[in-house]
1. Pairs Lys36/Lys84; Lys202/Lys314; Lys236/Lys332; Lys281/Lys332; Lys236/Lys281: which are spaced more than 27 Å apart, C-alpha to C-alpha?
2. Please report the Cα spread of the stretch 240-377 along all three principal axes, rounded to whole Å, starting with the longest.
3. Quick check: residue separation of Met368 and Ala92 times 0.36 nm, minus the Cα distance between them. What number comes out in nm?
4. Using θ = phi - 60° and the Karplus form 6.51 cos²θ - 1.76 cosθ + 1.60, what ³J(HN,Hα) does each residue of the stretch 177-187 get, whole Hz, x for Gly and Pro?
5. Quick one: what are the phi-derived ³J(HN,Hα) couplings along the stretch 102-116, Karplus 6.51/-1.76/1.60 with θ = phi - 60°, whole Hz, x for glycine and proline?
6. Using amide H atoms built 1.01 Å from N in the peptide plane, name the residues 5+ places from Val227, or on other chains, whose amide H lies under 5 Å from its own.
7. Please list, in chain and number order, the residues 5+ apart from Ser103 or on another chain whose amide H is under 5 Å from its amide H, with Hs placed from the backbone.
8. Cut-off under 17 Å on the C-alpha distance; same-chain residues fewer than 8 positions from Lys78 excluded. Which aspartates and glutamates are left, in chain and number order?
Amino acid sequence: MALTIDRLRSALCSSATGITGGEGNSVDAAVISYLKSLREELKQELTTCVLCARIGLLNAADQKTARSALFNYGGEGKLEEHLKSFDQTLAATTRFLGGAAMSEEDLVALEAVFPIFASVLLPIEKSTYPNIDRWFRACLSLDSDKMLGGVYHHMIGERRIGQQMDCFANSIVVRENAEVAKSINLGYKKKQTQRQKEKAQKEADQEAPPASAASTKKPFAFSKEKVSVDASTDEKINAVMNALKTLNIDTEKKKVIKHEATPDMESILSVLDGKEGIVCKNLFLKAKKPRKDVEGDSCIWLVSVPHNADVDYKNLTNLLGYPTKGLLRQTKPELLLESMSLLPGHISPFGLLNDPALTVNIVLDKQMVSDPDTQLW
């Protein structure tokens, strides 16, 4: 609804307040004429400023353009010139143009200057016209019932609900920045989260065709026949030698020492006393849970290290790709017998001869294999 003199009269001049006649001061007719002409000629620019003020904007691009046109309507600085004349007229008043009460002169002047003072001038610019500011607020204070509505009581620069100022970006600048961002990120692919990886793997597994027998066959196995746990020492030695020959390893120069089972390192060290080379310590371990990225992980490990090595189980668990909660630990003799047909005291990498299914994983300490001429016991 347009802000007219009749609407102002209805809102500001109640029966209790009354309205005075034409006595008292009056604003120069040239000023009123100029302001009315500005409102008619620059309706679009004025509407832009009014809308921006209502949503709390101060320096939007369109708002600046409209304000510049309004300030220079009729010539550079013309609006400022007429407002100064208006301010000087009000300097001689106590409250209103007609004195202590609202007059018809006040209504005419208020209709002319309302959109300019409420929605175009910034707070710092209003301070240049202290008398207009005082008179303007005095006029609005009469609208105790807010008959003009909250929209007309809000002026540019005043904080809105929530104590924050709205600020809309320039859409052209935003578009340009978006194009720059697109060129910078061209070809960049965001890393998958762990959950996304698992989902993708699950979908791939569901879509993949069944694996053929050839694709699932283990790359190498010595024999499908296990050496019985009850076999004699000579039978076990012959099985090891035959396996080495399969790998084209000359067994003629290999030393063989027959001894009883050695349940601990102290026993084996006494057997090998004075022998050159590295005495190995063999640990048969099992993880609590399989690794997620290894299909068919058995969790069973044979770890072979120098006898004097201090094995950090937690670090070894992490190195092999298991979570800390799935800590590797020594397993029961029953699993050793089932996996490699061995009893405690007989554990060695040669026990893998009895694991044609390759369920047992093996770890060899770097120190043991760094020099091919090193003798291992």
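Here, each number is a calculation from the coordinates, and none is a lab measurement. Note that this is a predicted model, so its numbers are computed, not measured. Cβ sites come from the backbone with ideal geometry, for glycine too, and all protein chains shown count toward neighbours.
1. Listed pairs above 27 Å: Lys202/Lys314.
2. Per principal axis, max minus min of the Cα coordinates gives 44, 32, 30 Å.
3. 88.8 nm
4. Once θ is set to phi - 60°, the couplings for the stretch 177-187 become 5, 5, 5, 5, 4, 5, 5, 5, 8, 4, x Hz.
5. Result, rounded to whole Hz: 5, 10, 4, 4, 5, 5, 5, 5, 5, 4, 6, 9, 3, x, 5.
6. Residues meeting the amide H criterion: none.
7. Result for Ser103 returns Thr20, Leu97, Gly98.
8. Asp28, Glu40, Glu41, Glu45, Asp87, Glu125
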